[in-house]
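Colleague: Before anything else, here's the structure in question.
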Amino acid sequence: MVVMAVALCGPVSPSAFGDEGQLDPAPPKGTTAEEIIQRFAAKEKEFKTALDQYGYRQTVKVQTVDGDTVDGEYQEVFDVSFDDRGKKVKNVVFAPQSSLQKIAMTSEDIDDIENRLPFVLTSDEISEYSILYVGQQSEDELHCYVFDVAPKQIEGKKRYFQGRIWVDDHDLQIVKTYGKTVPDIRKKKGNENLFPKFTTYRQQVSDGPYWFPSYTRADDTLHFSTGDQKIREIVKYTNYKKFGSNVKITYDGKEVQKGDQGKNPPPPQPQK
């Protein structure tokens with residue numbers, strides 16, 4: 001039995017992306033790449049605080065594939081909500097028996113799905129990463145700055161993201177990520193924990209200006225020492241609801257009132 005996970009990714013392949021416009025490597029106008037990084041990291045810190053004040057439903061499906069045939073599947077649907085003390089809790093609403101046989105879902109896989117696929121890069125974390133400006137690119141009706149991101153070093157058992165991010169040039173928030181969690185976990189007795197490359201899209205919720213995760217998809221082949229294994233993974237995030245009525249969320253130093261609407265169009269949606 002082998003367990004799920006992936007190696008540090010090399011150069012990012014454009015074929016892995018959706019229907020973006022052509023990448024323009026020209027430097028940003030009227031600002032610098034470093035200024036953009038500092039500003040979007042500050043916005044991401046605000047967003048992370050906001051996300052911690054929302055409940056939502058997460059729908060997970062992981063499949064192993066042989067040719068065009070699905071030969072194993074793991075599913076789980078759970079709600080993230082709050083108890084009477086305001087602490088977040090996970091309530092599983094659907095979890096059929098897994099039919100996966102060629103891989104096993106590990107605690108690292110579950111933790112990544114629940115906490116790392118919607119990658120957030122805040123001002124508290126940018127010092128841990130090398131962030132390289134690669135250009136500008138359109139995403140549907142959005143105009144984005146594009147950066148490649150990789151951890152400067154791997155410390156202990158901490159998990160990181162490595163790949164590419166798209167930052168909307170209006171709201172200066174991440175609207176799309178492509179990459180994987182790293183590092184691989186290779187244990188004794190031949191156990192290998194390899195993680196697939198994934199794409200995550202964000203959308204604006206109706207009661208605020210932040211871009212929340214909406215859809216993650218992975219379609220990758222994991223190269224185990226015992227042979228290759230193709231997997232597919234889909235994670236959906238729905239039913240965002242703010243907890244309580246006295247929660248204050250700030251944006252650019254100002255309190256955001258419930259009912260504020262974002263004016264940007266949603267990011268492009270993947271083919272399902």
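The values are calculated or read from the model by the stated rules, or taken from the named source; none is laboratory data. If you're wondering where the values come from, they're calculated on a predicted model, not measured in any experiment. Because the Cβ atoms are built from the backbone with ideal geometry, glycine has one as well, and the counts that use them run over all protein chains shown. The accessibility values were calculated without ligands, DNA or RNA, using every heavy atom of the protein model including side chains. Shrake-Rupley method; radii C 1.70, N 1.55, O 1.52, S 1.80 Å.
Colleague: Here are 46, 114, 108: which of them is acidic (Asp, Glu), touching a Phe, Trp or Tyr at 6+ places or on another chain (Cβ under 7 Å) and part of a helix (DSSP H, G or I)?
Modeller: 46
Colleague: Further question: Tell me which residues, restricted to region 218-229, are surrounded by fewer than 18 Cβ atoms within 10 Å (Cβ to Cβ) and either at pLDDT 95 or above or at positive phi (or both).
Modeller: 219, 221, 227, 228, listed by residue number.
Colleague: Quick one: which of 10, 18 is at pLDDT below 95, under 17 Å from residue 166 (Cα atoms), surrounded by fewer than 18 Cβ atoms within 10 Å (Cβ to Cβ) and not acidic (Asp, Glu)?
Modeller: Result: 18 is the single residue among 10, 18 that is at pLDDT below 95, under 17 Å from residue 166 (Cα atoms), surrounded by fewer than 18 Cβ atoms within 10 Å (Cβ to Cβ) and not acidic (Asp, Glu).
Colleague: Could I ask something else about it? If I ask for residues that are open to solvent by 30 Å² or more (accessible area, probe 1.4 Å) and either within 19 Å of residue 50 (Cβ to Cβ) or of a type in the set (Gly, Ala, Ser) (or both), which ones from region 121-136 would you list?
Modeller: Scanning region 121-136 gives 123, 124, 125, 127, 130.
Colleague: Could you look through region 137-158, keep only residues that are without any contact (Cβ under 8 Å) to a residue 60 or more places away in the chain, open to solvent by 30 Å² or more (accessible area, probe 1.4 Å) and not hydrophobic (A, V, I, L, M, F, W, C), and pick out the one that is farthest from residue 211 (Cα to Cα)?
Modeller: Per the criteria, the residue is 156.
Colleague: Could you tell me how many of the residues in region 168-214 are basic (Lys, Arg) and either open to solvent by less than 10 Å² (accessible area, probe 1.4 Å) or part of a strand (DSSP E or B) (or both)?
Modeller: If we filter region 168-214 for residues that are basic (Lys, Arg), which is where we start, we get 176, 180, 186-189, 197, 202.
Cutting the leftovers down to either open to solvent by less than 10 Å² (accessible area, probe 1.4 Å) or part of a strand (DSSP E or B) (or both) gives us 176, 180, 186, 202.
Adding up the residues that qualify gives 4.
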